[in-house]
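The values are calculated or read from the model by the stated rules, or taken from the named source; none is laboratory data. Computed from a predicted model, the values in this text were never measured in an experiment. Counting neighbours? That spans all protein chains shown, and the Cβs are built from the backbone with ideal geometry, glycine included. Quick note on the areas: whole protein, heavy atoms, side chains included, nothing else; ligands and nucleic acids left out. Shrake-Rupley method; radii C 1.70, N 1.55, O 1.52, S 1.80 Å.
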Amino acid sequence: DLGSIPCFRSSFLNGIGGGIATGLTYFLFTSKVKQACNTAVLSFAGITLSYWVYCRYSWSQNKFNVTMLKTAMKEQVAREGTDTDFQLNRPQDKS
């Protein structure tokens, strides 16, 4: 199922939209159909790949941060009410 792949849908939608816009713009300025189609396909591929790399990088960073946060939360829950928790949260003496 392609819809379950993270970033697949948004990458392809942005690529398709950008390719169509680029191809139509190129055709409006030059009136060359074959070159406009080639430009549209190349821009579709470039935009899709660029957005895929950016989105996957952001997704993997977010997944890593969520994993680290979950681990820290589990450790905090395990420490609550123990001597370790008391020592970590004890106010320091101002002498």
Computed [θ] at 222 nm, deg cm²/dmol, the chain (DSSP H ≥ 4; -39,500 (n - 2.57); rounded to nearest 500)
-29000 deg cm²/dmol
On the accessible surface of the chain, probed at 1.4 Å with all protein chains in place, carbon and sulfur together account for a percent value of 63
With the convex hull built on the Cα atoms of the chain, state its orientation-averaged projected area in nm².
11.8
The chain - percent relative contact order, Cα under 8 Å, separation 6 or more:
28
For the range 26-75, state which trypsin sites (Lys or Arg not before Pro) are in a DSSP loop and have at most 12 other beta carbons lying within 10 Å of their beta carbon.
Lys32
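Counting other C-beta atoms within 10 Å, and keeping those with at most 16, which DSSP coil chymotrypsin sites (Phe, Trp or Tyr not before Pro) do you find in the range 6-43?
Answer by residue number: there is no such site.
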Cysteines without a disulfide-compatible neighbour (Cβ-Cβ under 4.7 Å), the chain:
Cys37
